[in-house]
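S.K.: Submitted below is the structure of interest, expressed as structure tokens.
The values are calculated or read from the model by the stated rules, or taken from the named source; none is laboratory data. Everything numeric here is computed off the predicted structure, so don't read it as measured data. Every residue, glycine as well, gets a Cβ built from its backbone with ideal geometry; the counts of neighbours run over all protein chains shown. These accessible areas exclude ligands, DNA and RNA; they are computed on the full protein's heavy atoms, side chains included. Shrake-Rupley method; radii C 1.70, N 1.55, O 1.52, S 1.80 Å.
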Amino acid sequence: MGLSHRSAPVSILERAALSADAQAKLLQDALAVEPVAEASVLATCNRIELYADVDKFHAGVAEVSTLLARHSGVGLDELTPYLYVHYEDRAVHHLFSVACGLDSMVVGEGQILGQIKESLATAQRLHTAGRLLNDLFQQSLRVGKRAHSETGIDRAGQSLVTFGLEQLAGDEQVADWAAKKRALIIGAGSMSSLAAATLARAGVQEVVVANRTLERAERLAEILAQPGGAGAAEGFAARAVPMASVGGELARADIAVSCTGATGLVLTAEAVAAAVAGRTEGDPLTLLDLAMPRDVDAAVHRVAGARLVDIESLAEASADAPMAADVEAVRTLVSEEVAAFGAAQRAAHITPTVVALRTMAADVVAGEMGRLRGRLPDLGEREQAEITQTVRRVVDKLLHAPTVRVKQLAGEPGGAGYADALRTLFDLDPQTVAAVSRADQGARGDSAASTRIHTDDLNRDRS
């Protein structure tokens with residue numbers, strides 16, 4: 001369940017934006033309600049989504065929507081018209097599409113993969129993601145990586161940073177437009193770091209990084225200033241300043257990019273007006289606001305001598321962006337991956353029942369052999385072993401075809417009922433099946449470290 005730039009206006013997204021603390025509290029509260037067994041939040045500048053494994057659909061929808069409203073601060077009545085809900089395979093299809101960049105404001109952008117990875121890492125750290133969501137998010141990362149490596153989806157769009165800079169550059173190439181300019185970067189997170197590196201490669205003369213935590217700004221400036229670190233041209237300089245210095249640096253800057261986690265405005269219209277006062281005509285201050293909620297006052301659009309591109313104007317511009325033919329190839333890939341994921345999940349659902357059936361058969365063989373030894377105490381060990389092996393072979397042959405076939409059938413749509421049929425036909429103890437499931441989940445839980453390594457490896461590959 002969630003809302004995004006496709007379902008809600010920027011004004012609603014801006015109000016509903018979740019801080020890192022709010023995301024953590026939402027996850028913890030979600031796990032505390034009865035229908036929810038697992039939960040993970042994906043929150044970016046243009047989407048807020050909660051993925052949950054629930055045992056009752058309608059109760060789950062009611063609880064999750066109430067929690068989203070409570071933690072976003074937007075009333076439920078106001079929020080509901082903008083919410084979308086995807087269930088079962090449609091939920092899987094949605095996340096896979098998001099991972100491939102098909103649902104992004106700029107189609108094909110790859111930054112969403114890092115955001116999905118962070119979402120999974122947070123849910124793992126808070127222990128709100130179990131077997132299902134771990135599998136789902138891991139697979140979404142693999143699908144996204146496949147889309148970028150096996151298709152031309154990268155040609156369909158770029159990162160939001162690149163798209164925003166292209167909007168600022170207008171008819172010019174970004175490299176020509178940015179050459180020899182001074183840039184002010186407000187914030188030192190992933191989006192701000194990407195903007196700083198992109199501008200350094202484009203040929204700006206200087207990048208100044210301002211951040212609430214000066215150490216983070218200094219670290220980013222140090223990375224940018226390393227020879228060849230950001231691919232910057234010779235003579236490039238980077239330095240860090242405290243947030244208190246933003247006003248003065250803004251007056252010197254040609255370009256300002258802001259993306260912080262602040263809940264209020266970072267740059268007011270008055271501050272921008274003061275920064276452009278006294279500039280020569282034809283020397284505007286261009287601003288790119290990538291934050292949600294916004295960092296830069298929307299009133300800056302009306303400040304003479306300043307040009308602002310924000311999430312709202314990016315959404316309008318991206319609506320007219322051409323779709324590449326490669327998008328269709330990615331849609332096909334997503335559909336295939338959704339079908340494969342669903343089949344694997346359904347097949348996994350029946351495995352505990354099959355294990356319980358074979359365990360029951362083994363217990364029957366052991367019990368009958370015990371009775372045989374009681375009736376024929378003089379039977380030699382060799383004969384007992386031969387009889388035991390023969391009975392086991394008979395049981396294995398009788399169970400082989402049904403269990404193989406039921407796994408195949410369970411992997412097909414609507415195949416979940418075969419596990420129930422198997423339990424009914426063989427009168428399997430539900431507690432035994434549940435015990436096998438718990439053991440399987442425990443084994444998967446023990447491999448959480450390897451799961452995290454998996455995503456780290458993927459991230460390194462992506463880099």
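S.K.: Any idea which of SER97, SER72 is touching a residue at least 60 places away in the same chain (Cβ under 8 Å), touching a helix residue (DSSP H, G or I) at 6+ places or on another chain (Cβ under 8 Å) and among the small types (Gly, Ala, Ser)? Spell out the reasoning first.
M.R.: Numbers: SER72 fails: touching a residue at least 60 places away in the same chain (Cβ under 8 Å).
Checking each option against the conditions leaves just SER97.
S.K.: Same structure, new question: Does the range 284-304 contain at least one residue that is in a strand (DSSP E or B), within 29 Å of the chain's Cα centre (by Cα), among the hydroxyl-bearing types (Ser, Thr, Tyr) and closer than 22 Å to GLN167 by Cβ?
M.R.: Kept after step one, since they are in a strand (DSSP E or B), are these residues of the range 284-304: 285-289, 296.
This time we only want the ones that are within 29 Å of the chain's Cα centre (by Cα), so: 287-289, 296.
Next, only the ones that are among the hydroxyl-bearing types (Ser, Thr, Tyr) stay: none.
There is no residue in the range 284-304 that is in a strand (DSSP E or B), within 29 Å of the chain's Cα centre (by Cα), among the hydroxyl-bearing types (Ser, Thr, Tyr) and closer than 22 Å to GLN167 by Cβ.
S.K.: Is one or more of the residues making up the range 399-415 over 30 Å from GLN138 (Cα atoms), modelled with pLDDT of 80 or more and among the hydrophobic types (A, V, I, L, M, F, W, C)?
M.R.: Yes; the residues of the range 399-415 include at least one that is over 30 Å from GLN138 (Cα atoms), modelled with pLDDT of 80 or more and among the hydrophobic types (A, V, I, L, M, F, W, C).
S.K.: For the range 305-334, which positions are modelled with pLDDT under 85 and small (Gly, Ala, Ser)?
M.R.: ALA315, ALA317, SER318, ALA319, ALA321, ALA324, ALA325, listed by residue number.
S.K.: Being of a type in the set (Val, Ile, Thr) and part of a helix (DSSP H, G or I) is true for just one of ILE48, ILE12. Which residue is that?
M.R.: Working: ILE48 fails: part of a helix (DSSP H, G or I).
Residue meeting the stated conditions: ILE12.
S.K.: Quickly run through the range 42-62 and pick out the residues that are open to solvent by 20 Å² or more (accessible area, probe 1.4 Å), of a type in the set (Asp, Glu) and either modelled with pLDDT of 95 or more or at positive phi (or both).
M.R.: The one that is open to solvent by 20 Å² or more (accessible area, probe 1.4 Å), of a type in the set (Asp, Glu) and either modelled with pLDDT of 95 or more or at positive phi (or both): ASP53.
S.K.: Search the range 349-361 for residues being among the β-branched types (Val, Ile, Thr) and open to solvent by less than 30 Å² (accessible area, probe 1.4 Å), and hand back the single one that is nearest to PHE96 (Cα to Cα). Spell out how you get there, then give the answer.
M.R.: Initial filter on the range 349-361 (among the β-branched types (Val, Ile, Thr)): 350-351, 353-355, 359.
The next check asks that each one be open to solvent by less than 30 Å² (accessible area, probe 1.4 Å); those that pass are 350, 353-354.
Values: ILE350: 24, THR353: 29, VAL354: 30 Å.
Among them, the one singled out is ILE350.
S.K.: With the requirement that a residue be open to solvent by less than 40 Å² (accessible area, probe 1.4 Å) and either out of contact with any Asp or Glu (no Cβ under 9 Å at 6 or more places or on another chain) or assigned to a loop (DSSP other than H, G, I, E, B) (or both), what does the range 27-39 give you? First the steps, then the outcome.
M.R.: Keep residues of the range 27-39 that are open to solvent by less than 40 Å² (accessible area, probe 1.4 Å), which gives 27, 30, 33, 35-36, 38-39.
Once the filter is applied, which keeps residues that are open to solvent by less than 40 Å² (accessible area, probe 1.4 Å) and either out of contact with any Asp or Glu (no Cβ under 9 Å at 6 or more places or on another chain) or assigned to a loop (DSSP other than H, G, I, E, B) (or both), the range 27-39 yields LEU27, VAL33, PRO35.
S.K.: Here's another thing I want to ask about it. Which of (1) open to solvent by 20 Å² or more (accessible area, probe 1.4 Å); (2) of a type outside the set (Phe, Trp, Tyr); (3) assigned to a helix (DSSP H, G or I) is the odd one out, the single condition VAL143 does not satisfy?
M.R.: (1)
S.K.: Just a yes or no: is a residue in the range 157-173 part of a helix (DSSP H, G or I), touching a Gly at 6+ places or on another chain (Cβ under 7 Å) and small (Gly, Ala, Ser)?
M.R.: Taking every residue of the range 157-173 in turn, none turns out to be part of a helix (DSSP H, G or I), touching a Gly at 6+ places or on another chain (Cβ under 7 Å) and small (Gly, Ala, Ser).
S.K.: Being at pLDDT 90 or above and either in contact with a Lys or Arg (Cβ under 9 Å, 6 or more places away or on another chain) or buried (at least 16 other Cβ atoms within 10 Å of the Cβ) (or both) is the filter here, so list the residues in the range 292-304 that pass it.
M.R.: Restricting attention to the range 292-304, the residues satisfying the condition of being at pLDDT 90 or above are 294-304.
Residues satisfying the conditions are ARG294, ASP295, VAL296, ASP297, ALA298, VAL300, HIS301, VAL303.
S.K.: Have a look at LEU372, LEU379 and point out the one that is assigned to a helix (DSSP H, G or I) and either open to solvent by 30 Å² or more (accessible area, probe 1.4 Å) or not assigned by the TED database to the domain that holds ARG142 (or both).
M.R.: Step by step, each of LEU372, LEU379 is checked, and only LEU372 is assigned to a helix (DSSP H, G or I) and either open to solvent by 30 Å² or more (accessible area, probe 1.4 Å) or not assigned by the TED database to the domain that holds ARG142 (or both).
S.K.: Using the structure shown, decide if VAL74 is open to solvent by less than 20 Å² (accessible area, probe 1.4 Å) and outside any helix (DSSP H, G or I). If you could, list the steps in order and put the result at the bottom.
M.R.: On the way: open to solvent by less than 20 Å² (accessible area, probe 1.4 Å): yes; outside any helix (DSSP H, G or I): yes.
Yes: the conditions hold for VAL74.
S.K.: OK, next. Could you please let me know if GLU312 is in contact with a helix residue (DSSP H, G or I) (Cβ under 6 Å, 6 or more places away or on another chain) and assigned by the TED database to the domain that holds ALA210? Quick ask: steps written out before the conclusion?
M.R.: On the way: in contact with a helix residue (DSSP H, G or I) (Cβ under 6 Å, 6 or more places away or on another chain): yes; assigned by the TED database to the domain that holds ALA210: yes.
So GLU312 fits the description; yes.
S.K.: Now a separate question. Can you tell me which residue within the range 101-135, out of those that are surrounded by fewer than 20 Cβ atoms within 10 Å (Cβ to Cβ) and acidic (Asp, Glu), is farthest from PHE163 (Cα to Cα)?
M.R.: For the range 101-135, the residue satisfying everything is ASP135.
S.K.: Follow-up. Taking the range 1-26 only, how many residues are open to solvent by less than 40 Å² (accessible area, probe 1.4 Å), free of Cβ contacts under 8 Å to residues at least 60 places away in the same chain and out of contact with any Leu (no Cβ under 7 Å at 6 or more places or on another chain)?
M.R.: 1
S.K.: To continue, here is another question. Does THR353 count as closer than 30 Å to LEU136 by Cβ, touching a residue at least 60 places away in the same chain (Cβ under 8 Å), assigned to a helix (DSSP H, G or I) and hydroxyl-bearing (Ser, Thr, Tyr)?
M.R.: Numbers: closer than 30 Å to LEU136 by Cβ: yes; touching a residue at least 60 places away in the same chain (Cβ under 8 Å): yes; assigned to a helix (DSSP H, G or I): yes; hydroxyl-bearing (Ser, Thr, Tyr): yes.
It is true that THR353 is closer than 30 Å to LEU136 by Cβ, touching a residue at least 60 places away in the same chain (Cβ under 8 Å), assigned to a helix (DSSP H, G or I) and hydroxyl-bearing (Ser, Thr, Tyr).
S.K.: One residue is enough: does the range 137-153 have a residue meeting the conditions touching a strand residue (DSSP E or B) at 6+ places or on another chain (Cβ under 8 Å) and in contact (Cβ under 8 Å) with a residue 60 or more places away in the chain? Steps first, answer last, please.
M.R.: Step one: filter the range 137-153 for residues touching a strand residue (DSSP E or B) at 6+ places or on another chain (Cβ under 8 Å), giving 137.
Filter once more, so that each one left must be in contact (Cβ under 8 Å) with a residue 60 or more places away in the chain: 137.
Among the residues of the range 137-153, at least one is touching a strand residue (DSSP E or B) at 6+ places or on another chain (Cβ under 8 Å) and in contact (Cβ under 8 Å) with a residue 60 or more places away in the chain, which makes the answer yes.
S.K.: Look through the range 258-285, keep the residues that are polar (S, T, N, Q) and modelled with pLDDT of 95 or more, and return whichever of them is most open to solvent (accessible area, probe 1.4 Å). Steps first, please.
M.R.: Keep residues of the range 258-285 that are polar (S, T, N, Q), which gives 258, 260, 263, 268, 280.
Imposing the further condition that a residue be modelled with pLDDT of 95 or more reduces the set to 258, 268.
Details: SER258: 3, THR268: 51 Å².
The selected residue is THR268.
S.K.: A further question on this structure: Could you tell me whether any residue of the range 330-348 is outside any helix (DSSP H, G or I), among the aliphatic types (A, V, I, L, M) and surrounded by 15 or more Cβ atoms within 10 Å (Cβ to Cβ)? Please lay out each step first, then the result.
M.R.: Initial filter on the range 330-348 (outside any helix (DSSP H, G or I)): none.
No; the residues of the range 330-348 include none that is outside any helix (DSSP H, G or I), among the aliphatic types (A, V, I, L, M) and surrounded by 15 or more Cβ atoms within 10 Å (Cβ to Cβ).
S.K.: For ARG393, which of the numbered conditions (1) touching a Gly at 6+ places or on another chain (Cβ under 9 Å); (2) open to solvent by 60 Å² or more (accessible area, probe 1.4 Å) fails to hold?
M.R.: (1)
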